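None of the figures in this text is laboratory data; all of them are computed from the coordinates on show. On a predicted model such as this, the values are computed, not experimentally measured, just so you know. Every residue, glycine among them, receives a Cβ derived from its backbone with ideal geometry; neighbour counts consider all protein chains shown.
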Amino acid sequence: MTGTDPALQPAADDIRRAAELLRAGELVGMPTETVYGLAADALNVEAVGKIFSAKGRPADHPLIVHLPDAGHLTRWARAIPKEAIALANAFWPGPMTLILKREEGVPDAVTGGQDTVGLRVPDHPVALALLRAFDSGIAAPSANRFGRISPTTAAHVREELGDKVALVLDGGPCQVGIESTILDLSRDAPVILRPGAISADDIARVIGRRPATRTAHAEEGAAAAESEQPRVSGSLAAHYAPRTPLQLIPAARLVEEAATLAGEGSRVAVLARTCPDPRDARLTWHNAPVDPSGFAHELYANLRELDACGADFIVVEALPDTPEWHAIADRLGRAAVGSGDGGVPVDEHDET
Ligand code: TXA
Ligand code: MG
């Protein structure tokens, strides 16, 4: 993966400085294989508080704690089921977060006051070097403002939060491009709280049973039973959103509907996949990779670019309804719900 590219190997001085900043209670932009994180010392409540104010994120939304290796698990989690160990062995370092019962001493500021904690070992040479130098847990949500598109380059982090971080480590563009799979193992049956590159089938192959998936729809239906539900901000219906209104249109109608929108005097940006560019001057046309991992890798950078091009609408070619597109369709669906002014969370404009 990223480890083979010498350009992405961390400079020892940068890692040392980043670890010092974390120890001093500062925030650092940290590359991972999924998206860039906004990192703080997970045991320093004041530093963790800075994450929430920088992002404008509600204080009761829990953070993922990143660990140098699975050997650190027992410092953060208790009653660790065998399935967790099997999954950690199979997928760490990698894009999978496990929700486990928290060990004593894990701050409420990190867990949102819940009795569980989210843990993962990221698969990126810079993140791993920082974690080894720091030798403890690093709390890191995606380094975007609350409800907005996750950053997949160091430049994105500087754009979003440049004035809030002491340092952004540049680890190049994130290989995976969408956030980790979140698997809740703190209850009787495993449940995927957020789909990601590691699928329900991948998990079933390791633990011998298929995790349930909590869909956005099911979650809305279950809103009344909220006290029983862990809070996952990445599972809010409106999330990962551009400012420009975004809609998903089947390939067969893409050109026609984009042209209709443009015909009404609007500027339209299109993220197509299989549809060839009709070379209509009124459309800003962008073709994304046709395969799921290529598409995911470029997804957030593409959405940022289309959001910034001055269009009135973003139109995205709808994705195939097959398992390998599930996690990406999940993000695009939420981006559509959250896009435009209607979806801007109130906190998003909070500059504190
Ligand atoms: O790929 C990723 O997971 C990235 C990189 C930086 O590691 N991180 C990330 O963090 O996406 P964030 O905070 O943007 O999303 C983490 C999600 C949130 O929706 C949070 O609510 C959920 O994980 N989460 C964290 N701890 C949890 C817990 N104890 N129970 C339920 N959900 C939890
Ligand atoms: Mg996030």
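To make sure I understand the rule: partners must be lysines, Cα under 18 Å from the Cα of Lys50, and not fewer than 8 residues away in the same chain. Which ones qualify?
Lys164
Suppose each label sits 7 Å from its Cα in the direction of the beta carbon; what would the Asp202-Arg78 distance come out to in nanometres?
3.2
Pick out, in residue order, every one of the GluC sites (Glu not before Pro) in region 57-150 that is DSSP loop and has at most 13 other C-beta atoms within 10 Å; say none if there are none.
Values: sites: Glu83, Glu103, Glu104; in loops: Glu103, Glu104.
Listed in order of number, the matching sites are Glu104.
Enter the angle in degrees (range 0 to 90, nearest 10) between the Cα long axis of helix 12-23 and the first principal axis of the Cα atoms of the chain, meaning the one along which they spread out most.
70
What list of ³J(HN,Hα) couplings, whole Hz, do you get for region 56-66 from phi and the Karplus terms 6.51, -1.76, 1.60, once you set θ to phi - 60° and write x for glycine and proline?
x, 9, x, 5, 8, 8, x, 10, 7, 9, 8
Which lysines, if any, have their Cα less than 17 Å from the Cα of Lys101, not counting same-chain residues under 8 positions apart?
Within the straight-line limit of under 17 Å, Lys101 reaches these lysines: Lys82.
When the Cα atoms of region 23-83 are enclosed in a convex hull and the volume is divided per residue, what value in Å³ results?
On the way: hull volume 7.7 nm³, N = 61.
For region 23-83, the hull spanned by Cα atoms encloses 127 Å³ per residue.
Taking 2.2 N^0.38 Å as the expected size of a compact globular protein, what ratio does the Cα radius of gyration of region 84-184 give against it, to two decimals?
Working: Rg = 14.4 Å, N = 101, 2.2 N^0.38 = 12.7 Å.
Region 84-184 yields a ratio of 1.13.
Are there trypsin sites (Lys or Arg not before Pro) in region 270-299 that DSSP marks as loop and that have at most 11 other Cβ atoms within 10 Å, and which are they? The partial results should precede the final answer.
Numbers: sites: Arg273, Arg279, Arg282; in loops: Arg273, Arg279, Arg282.
Taking region 270-299 and a limit of 11 other Cβ atoms within 10 Å, the loop trypsin sites (Lys or Arg not before Pro) found are Arg279.
Nearest 10 degrees is fine. How inclined is helix 82-91 to the longest principal axis of the chain, computing both from alpha carbons?
60
Give me the percent of Cα-Cα pairs in region 24-154 that sit more than 22 Å apart, rounded to a whole number.
Numbers: 2527 of 8515 pairs.
Within region 24-154, distances greater than 22 Å cover 30 percent of Cα pairs.
Pop out the ³J(HN,Hα) list for region 302-309 in order, Karplus 6.51 cos²θ - 1.76 cosθ + 1.60 with θ = phi - 60°, rounded to Hz; leave Gly and Pro as x.
4, 5, 4, 5, 5, 5, 8, 8
What's the whole-number percent of alpha carbon pairs in the chain lying beyond 29 angstrom? Show your work: numbers first, answer last.
Details: 23429 of 61776 pairs.
More than 29 Å apart: 38 percent of the Cα pairs in the chain.
Please list, in chain and number order, the residues 5+ apart from Ala318 or on another chain whose amide H is under 5 Å from its amide H, with Hs placed from the backbone.
Ile249, Ala251
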